[in-house]
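Structure, as structure tokens:
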Amino acid sequence: MSAQIPNTTPKEQEPFIPPYFMLILAAVGFIVALVVLLTQPQFTVVGWGGLGLGLLSLLAWVLMAPQQARALVTGRTALYGGTTILVSGLLIAALIGIYAFAKSRNVRIDLTQRENFSLTEQTRPVIQGLALEPNVPNIKIIAFYGAGQAGTRDQDSVLFDDYATTSQGKISYEFIDPDRNPTVAQQYNVTRAGQIVVVPLGADNAPVVDKAQTVNFLSQADLSNAILRVAASGDFRAYFLSVEGGLELEDSGVTGMASLNDSLKSRFNWNTQQVNFVDLTNPASGITLNDPAADGEALVIVGGSSALGEDQVKVITDYLDAGGDLVLMAAPINVDGSPALAVTESLNNYLFEKYGLRFRDDIILDETQAFQTPFAPVAGTFDSTQFVTSLFAGVRGAAMVMEQTRSIEVAATAPQGVTVTQIVSSADTSYAKIDPAVLSATEIEQVRAAEADTKGPFVLGATAENATTGSRVVLFGSMFVPANQYDQLRSLNVFNLDVALRSVAWVARFDEFFNQIPQLAEENRPEDAPIFVSAEANRNINLLTVVVMPFGVLLIGFLVWWNNRERAR
Amino acid sequence: MRQIFAVYKREIGLYFRSPVAYAIAFALLLFFGLLFSNSISTGNGQAPADSVNFVPNLLTFLLFLVGPLLTMRLLAEETREGTLEVLMTLPMRESQFIIGKFLAVWTYYTVVLLLTVIYHIILTSIGTPDAGRAFTMYLGAWLYGGAVLAVTMIWSAVTEDQIVAAFLGAATVLVLYLAEVAASWFANLPNQSDASGLTNFVRELGLQAHYEATLLQGIIRLEDILYFVFVIIAALFITTRIVEVRRWRS
Amino acid sequence: MIEVQNLVKKYGPVTAVKGISFTAQPGQVTGFLGPNGAGKTTTMRMLTGFLPPTAGKATVAGHDVFENSLEVRKRVGYLPESVPLYRDMTALAYLMYVGEIRGVAKRRDKAFEVLERVALAHRADSRIRTLSKGMRQRVGLASTLLHDPDVLILDEPTIGLDPLQVLELRELVRELGKRHTVLFSTHILSEAEQVCDSVVIINQGEIIAQGAPVELRGMLEQGGRVLLRVNVPLENALPIIQGMSEVAHAEISGDSIVATPVNPTSDPRPAIARAIVQQGWDLVELRPLAVNLEEIFLELTRRQAAANGEQSEAAPDVTETESEVSS
């Protein structure tokens, strides 16, 4: 190499290592780095080593033979194309090296005013809060982006970086190509490229796949909420009491509660459990009611065709007295007239006395506002302030199907310190029958409203909260409220399952747990507003952009040309 | 510096007296104007301002046509007319001469780009375009243009035939433009289980990977800025060496 | 001052310049003479730093053309053979442009000054494309004078000009030679003889002679043959001449007799004249045979060809040279 560089002064003392040796070393280093770059998925230590060696040797060569280096770059001595190619190659290699280094520094600035790629003012304190909260686990954002989404990856990594730095490393992120890693994708139920999964990390920093949250399209609010949900996966427990003729938690049939269970577990990260009375009192079962370690818990009783024994009632009342929370969905009246669980007298009296609510031993029917049969009246009146129903009160045509429902009696004056809210009521056209014979009616007349029947509307769902003990109770007249079958009726704005879910959430104060961490909504930015032009302004814009600007330039060009021509004469 | 400035002044004067330069600017502005006013009309009351702010991006695409047209004569003409022989016996380095030429053509491009800022100004009067995004978008388009012009200038040094220079320039820019497409095509090959290094390399070699997803969207990344600057440096260096080698072999 | 030592230029396998050495003194016009393709332009390009030499050394105005090219360029004014100019610029603008690159102070004044020196001040604002060939040549020359260069290198500046323009330009170059070191290449022998104080003759990349035109002439004249014409039939006169003791050899060439002296340093003419008069004949003409550069050149290239054992490749060039001269 240096042989081509003439006029090296021979008088100069030969250095211990000939300078061109450094050039060879540099070339070797760059080649190694390039090979690593092209063949390895990651730019490993070897790559960095090669790159470093290349740059350092190049630097050493410049220091050892400054004239040669200067001559090479300023270019009077390089006589032949070969040297030119070599020098250009070295320059480009050095530039690539600096580029790779700069890239590894990850210097990015999001200049958008709408903060597309950085945390909004709304989000930032929330994420900062997560960093300070020792109970919040480390969280990983896994973006399943395909090979064709390299640009999106570049873009979104800017936002993810902001999450990572703002959370002081508590949030990390990773890109996984779902096509290359189908098993990982399957693990997280990722079905298409572009989905993002937020997953908490366990003690050994291994992802807790069960608690992963999926975001289908990246929006900052959705991603932040998913992070909050993962972070806030506090200890919430729902005990579903096994009762005679009740709905089963794991049952995925029409009258099962698998759908509700699934929602509680996957969307809310709850622990759910089917229990019986024995478990509730037996310490060996591992169940502790009113466990202070829990962030919230709920006892859920769905159905129950026979009355409870006094000891069983006592378990419940003790629990409630101690601040426990109950969701009770009543089974319909029995054909033989025997009392069902909901109207066990001691329990019913206790509820009326302590919470101002009790079930009536009746059945509500409705011939007009009903779903398919008069036995399934449709309740369309929701309370707009109570958490359980507030979300649906404003929705047009929102309804609950209350199959074989009882009505709820609300005390004229609520007990001291108790707030009672009637959250769901039936229509005016509903009526109550107290004769269980209606259940086995053969004539339509037996089902129709009779003179003696009390006329609606009836309260079919109510909540009560004891401010002193903190105990919360939700009662529904129908045990079929949380049945799986209503999952398919969501599109008709039948919100049974949502109301059931929110009932459980409300009694356990899960909503407050969430509310204390702000729920982030998509923010509306002025940049999102559409453009607006009046017809006149539109004409002006057309004139300016289509006529004035281009033809103006053309005119100037013509004038310049003309002027030139005149001068040339 | 003095030499660079002298060459720059002469070149810039040529651009602003050349009917071709005005014709190119006219064609671009007419095209942009038609598209812009059309999307204003159709997007009225519906599209946010940012979705109508597409001109810089479009300009970077059209550069594969405009760039070679602007640079094809820069060195080819000097070689052909023999004026290079005079210039290269004046006390001026090739690099100064080439930098002067490059800066002139980049200035012309900058003026055209600045003319398109009017679309952004119009948008601010009828909506709320994201100002930060607009800034990086224009900054990116400016650097992008510099890189394209520098690369196409290489061909002007290689051949004396302007048409050949223009075609080769356009082809080179298209290849650089489509590198991202090639990379994603490459990545989707079934048997490329673990060639992400090569894929990324091809992608990042291209122009689009440093503009479309980042600068165009309002993100400034150090490596993107460096990419464009380095492409300019490398291309000017190569051009210098080519002029030199060609001269010495003449 | 130009000093050239063993300068070599190879284009791949072809050696265009084969190790030439010469010196051009300040205050002189040095003619660089040779047929087309002799290596004149290549040598000049090396001297101006446009081409790198393959080997050898050249110093122009005290700086090595290779090591210190920029310093050399600052002190040299070079006018290439084709006189490339920017045709769309005015003469003044072109000079200002070159002046700016050269860093000439008071560019405008200087530009006018040199335009006056080449008698073109009245066309300062004309575009170069509207100027005649001779005027362009003068604009090119003016651009080489802008910075008062120590050394002027002019590559065939008179080519393509009409006779009047040629005369004007030669006058100008002679004038410039008084102040600068001028290296002036031409393939027209009479031009070199008229303009140059010293001549370097180059053929096929080699220097075959150098010196002042007078010296070169003298070199051939001494020991040179003489040409004789008389008013009697040459057949009668030839034996008389051949019989003289001073004459080694004589022969008829056309309408005259060419005689070669025995001793090249002594002039045989007085003896020949006496012999003719003694015979009672009239002497029509008697002169040395090699008197101008044209003949020197022919002779030299003939000798070079003989020495190289080649059957003179220069022959066609020589005919061309003759035709140029006769025009």
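The values are calculated or read from the model by the stated rules, or taken from the named source; none is laboratory data. Everything quoted here is computed from the prediction, not taken from an experiment. Virtual Cβ from ideal backbone geometry, glycine too; neighbours counted across all protein chains shown. Ligands, DNA and RNA are stripped out before the accessible areas are found, and what is left, the full protein with its side chains, is counted by its heavy atoms. Shrake-Rupley method; radii C 1.70, N 1.55, O 1.52, S 1.80 Å.
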Inset, instruction - May I ask for the angle, rounded to the nearest 10°, between helix A:549-568 and the longest principal axis of chain A, with both axes built from Cα atoms and the value confined to 0 to 90°? - result: 10 degrees
Inset, instruction - Enter the accessible area per residue of the protein assembly as shown (Å², integer; probe 1.4 Å; all protein chains in place). - result: 43 Å²
Legend entry - Positive dipole terminus of the protein assembly as shown, leading residue within C:GLY280, A:LEU90, C:VAL173 (C-beta point charges): C:GLY280
Legend entry - Helix-only [θ]222 nm of chain A, DSSP H runs n ≥ 4, -39500 (n - 2.57) each, per residue, nearest 500: -11500 deg cm²/dmol
Legend entry - Fraction of antiparallel bridges per DSSP, chain C only, in percent to nearest 5: 65 percent
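Specify whether the C-alpha gyration tensor of the range B:128-250 places it in the rounded, prolate or oblate class, a ≥ b ≥ c being the square roots of the eigenvalues: rounded for a/c under 1.5, otherwise prolate if a/b is larger than b/c and oblate if not.
Because a/c hits 1.5 or more and a/b fails to exceed b/c, the range B:128-250 counts as oblate.
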Legend entry - Cα-derived Rg over Rh, computed across chain A with Rh taken as Kirkwood radius: 1.22
Legend entry - For the range B:82-109, residues shielded by at least 50 square angstrom of accessible area compared with the chain on its own, probe 1.4 Å: B:THR83, B:GLU85, B:VAL86, B:THR89, B:LEU90, B:PRO91, B:ARG93
Inset, instruction - For the range B:130-154, list whatever residues lose no less than 40 Å² of accessible surface once every protein chain is in place, relative to that chain by itself, with the probe at 1.4 Å. - result: B:ASP130
Legend entry - Among A:VAL254, A:ALA437, B:ILE232 the positive-end extreme of the charge dipole of the protein assembly as shown (Cβ point charges): B:ILE232
Inset, instruction - Express in Å², to the nearest 10, the accessible area of A:VAL35 obtained by rolling a 1.4 Å probe over the protein heavy atoms while all chains stay in place. - result: 80 Å²
Inset, instruction - Filter the cross-link list B:LYS101/C:LYS106; A:LYS103/A:LYS140; C:LYS9/C:LYS40 down to pairs whose alpha-carbon distance in this structure exceeds 19 Å. - result: B:LYS101/C:LYS106; A:LYS103/A:LYS140
Legend entry - Cα gyration tensor category, rounded, prolate or oblate, for chain B with a/c compared to 1.5: oblate
Legend entry - Size of electric dipole in chain C: Cβ of Lys, Arg +1 and of Asp, Glu -1, about Cα centre, debye, nearest 20: 1340 debye
Legend entry - Rotationally averaged projected area of the protein assembly as shown (alpha carbon convex hull; nm²): 68.0 nm²
Legend entry - Of A:LYS170/A:LYS211; C:LYS18/C:LYS57; C:LYS110/C:LYS178; B:LYS9/C:LYS110; B:LYS9/C:LYS74, those spanning more than 23 Å from alpha-carbon to alpha-carbon: none
Inset, instruction - Return the carbon/sulfur percentage of the accessible area of the range C:91-156, one whole number, probe 1.4 Å, all protein chains in place. - result: 48 percent
Legend entry - Carbon plus sulfur fraction of accessible area for the range A:326-432, probe 1.4 Å, in percent: 48 percent
Legend entry - Size-normalised alpha-carbon gyration radius of the range B:1-119, reference 2.2 N^0.38 Å: 1.34
Legend entry - Interface area, B with A, accessible, probe 1.4 Å, both sides summed, Å² nearest 100: 6200 Å²
Legend entry - Cα-based equivalent ellipsoid of chain C: semi-axis lengths in Å, sorted from largest, via gyration tensor: 45, 23, 16
Legend entry - Whole-percent pair-distance distribution, where bins are 5 Å wide, for the alpha carbons of the range B:1-57: 4, 16, 16, 13, 11, 11, 10, 9, 6, 3, 1
Inset, instruction - Return one number: the angle in degrees, 0 to 90 and rounded to the nearest 10, between the long axis of the Cα atoms of helix A:150-166 and the longest principal axis of the Cα atoms of chain A. - result: 70 degrees
Inset, instruction - Starting from the eigenvalues of the Cα gyration tensor, five times each then square-rooted, give me the equivalent ellipsoid semi-axes of the range C:225-288, largest first, whole Å. - result: 16, 12, 11
Inset, instruction - Evaluate the charge dipole of chain B about its Cα centre and quote only its size in Debye, nearest 20, assuming +1 on the Cβ of each Lys and Arg and -1 on the Cβ of each Asp and Glu. - result: 640 debye
Legend entry - Residue (of A:VAL343, C:ALA306, A:PRO530) at the positive-pole extreme of the protein assembly as shown, dipole from beta-carbon charges: C:ALA306
Inset, instruction - Can you bin the range A:440-569 into rounded, prolate or oblate? Criterion: square roots of the alpha carbon gyration tensor eigenvalues sorted a ≥ b ≥ c, rounded for a/c under 1.5, prolate for a/b above b/c, oblate for the rest. - result: prolate
Inset, instruction - From the C-alpha gyration tensor of the range A:262-379, pull out the three semi-axes of the equivalent ellipsoid (sqrt of 5λ each), sorted largest to smallest, in whole Å. - result: 28, 20, 13
Inset, instruction - Compute the long axis of helix B:2-17 from its Cα atoms, compare it with the longest principal axis of the Cα atoms of chain B, and write down the angle in degrees, 0 to 90, nearest 10. - result: 60 degrees
Legend entry - Cross-link reach list, aspartates and glutamates versus C:LYS10, counting only Cα pairs under 14 Å and skipping chain neighbours closer than eight places: C:GLU206
Legend entry - For the range A:202-299, Kirkwood radius (reciprocal of mean inverse C-alpha pair distance, Å): 15.4 Å
Inset, instruction - Using a 1.4 Å probe on the heavy atoms of the protein chains only, list every residue of the range A:140-184 that has 40 Å² or more less accessible area in the complete assembly than in its chain alone. - result: A:ALA147, A:ASP154, A:GLN155, A:ARG180
